[in-house]
Amino acid sequence: MSVARANQGKRQIRLYVDLPYRDETWASFIDRAARFYRCDRSALVAQLTGIWPDEPWCNTDFDQDLPVDLYEALVDSLQVSKAELPNIGRGVSCDSLPPPRRQEYCPLCFLEDLRACRTPYFRFQWTIPLLTYCSMHRTPLVRWRSIRRQDERILPWQWLARPSSKNATACPWLQEDVAFVRQYRSSHVNSSHPFAMVRKLTESVLSIDVAARSWRLNGHLHHGFRLESLITLGASGDSALSDGLAGAVRPNGDDILFGPPREPITWEMRYMRRCWSSSAISVAFRRSLMWFAARTILGSRLPTLLANGATVAAGNWERWWLDVVKPQAGTVLSSKVQSEERHMRLCADNGQASLF
């Protein structure tokens, strides 16, 4: 694009919106700024930078790589210094979920934002692949239902113009989502509930620093199993097992909580290994994957009813694998199951404690 074309499209405008909140992602901030001015993301970027929507970086992942031109235009339009708004990562990295899968939110967080007269925003924590619940309220994440092209999330305009609890009803599904997630608060489910087991395993392997906008996996625990291998096994399948092994043995209940992948599971090379791609994985299936790993690692003191109608007896991983996993895996995944089983027995015998 020529300089003349850029200068012709660029306008000096002033953005009267709150600066990015402490744990807000760049894309969330840009989306709410665009919504405040009743335009889409591409139109706002074009107004700020003069770079038209058909330019290559207009389709880039702003959360991971905010273009310098756009950053400098934001600083000028917000009339702040670069020290007040540094161009640093805001918790999203190459290990985070891809943009199409950053649509989950916590209804209770949004409700608290409105009660604080603050525009609801999307937190970086919700982009962590292993995290399928709100780390603050410990309730399930659910999908935001208003998405525009380029994965732009649309908030009710009243939430930006006059954020308050009185305007919570501007979103027709917020109260429905709030009622759904409140069922799964810590005080409402026992420790052997599938969702409680997912929470327990996740909390033992994941550390989140909200102030530093960072997260990491804890690689060594008292469990002698490999979490990554179990999740990869749970995502494996074939034409007869299209929902993946974890989807086939997921707990019974609402598919919003534990569900199938919804889209075909794809595989990619990552760090010289063949891994399942999170780009096709819904939050409900990620919970199914985590429960598959949690049921293996933690065991259960109570029987569990599965979506396929079977009942899993209480017990440790050996009973679970003998009665459910190995029969469901069939001949196609038998070699992978046997390999993982040998490793788990070896870890149990040697008292090893590496999950990864």
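Highest mean packing comes first when the peptides 77-84, 281-288, 128-135, 164-171 are listed by Cβ atoms within 10 Å, giving 281-288, 128-135, 164-171, 77-84. Here the simple spin-label model places points 7 Å from the Cα toward Cβ, and for Q183 and A116 these points are separated by 2.9 nm. Within region 3-182, the proportion of C-alpha pairs whose separation exceeds 26 Å stands at 29%. Only one residue of S77, A168, P67 has its Cα farthest out toward the positive end of the dipole of region 3-182, where Lys and Arg carry +1 and Asp and Glu -1 on Cβ, and that residue is A168.
Bear in mind these aren't lab numbers, they're just calculated from the coordinates by the rules spelled out. Computed from a predicted model, the values in this text were never measured in an experiment. Quick reminder, even Gly has a Cβ in these numbers, built from the backbone with ideal geometry, and neighbours come from all protein chains shown.
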